[in-house]
Amino acid sequence: MSKISRTLAVTREYLRLKDYQQSLGEGLQFDLLGPEHTESILKWRNDKETIGAFATTGGLSRKAHEQFLATYEVQDRIDLVLVDEYTNTPIGVFYLTGVSSTNPQIGKFIGEKRYRGKGLAKLATQALVRFAFDHLQLVELYARTRKDNQKNILLNQALGFRSESVAESSNGTFVIMKLQRS
């Protein structure tokens, strides 16, 4: 079993723990990203109002997403979909990339507009940070956020992330933030 497969197996087991799911709040749960989430992911990633929030702003094709899912178990990442248990509605996606690297990154996005502004991104990200530090034993996490995405920068600061640097790329200017396990 590869390191990534073991990490995903640990993630599946962790998601089954009742006390962890309760920490998300009543009626919310994390699911591992799978084919059943494709329509939601495509809708969110191609929404003209929010496409600029992503590191790559060209949208996402069905073919590209299906290729991503086909190779998922060999990628160094964990993607979780926040779901409203009562309606079985996917709300957003929360992820860790570079899990076995020296600079693992965290990301988050509430895709369903009616769930935005309710504190769910903070709640779910707190749970994901706890998972990263407590169960994956990561010692630090990085967040890479577009410089013009002030809401996400402020959320990262509220979660304890501190600005490290600013990086320029062909996709824009990004603020790199870091959170250390305490």
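No value in this document is a laboratory result; all are computed from the given coordinates. Since the structure is predicted, the reported quantities are computational estimates derived from the model, not experimental observations. Note: ideal-geometry Cβ built from the backbone for every residue, glycine included; neighbour counts use all protein chains shown.
What does the extension gain come out to for ASN103 and LYS147, with contour length at 0.36 nm per residue minus their alpha carbon separation? Working shown, then result.
On the way: separation 44, 0.36 × 44 = 15.84 nm, distance 1.95 nm.
Full extension from ASN103 to LYS147 adds 13.9 nm.
How many nm is it between the label spots at GLU26 and GLU73, if each spot is 7 Å from the Cα in line with the beta carbon? My value for the distance between the label points is 3.8 nm. Using a 7 Å offset from the Cα along the Cα-to-Cβ direction at both GLN180 and ASP84, what is the distance between the two label points in nm, to one decimal? Simple spin-label model gives 4.1 nm for this pair.
Between the beta carbons of LYS63 and ASN171, assuming R0 = 22 Å, the FRET efficiency works out to 0.60 to the nearest 0.05. Once the Cβ-Cβ distance between LYS122 and ASN46 is put in as r, and R0 is 30 Å, what FRET efficiency do you end up with, to the nearest 0.05? Once rounded, the FRET efficiency stands at 0.75. A simple count of charges around THR173, restricted to other residues whose Cβ falls under 9 Å of its Cβ and scoring Lys, Arg +1 and Asp, Glu -1, yields 0.
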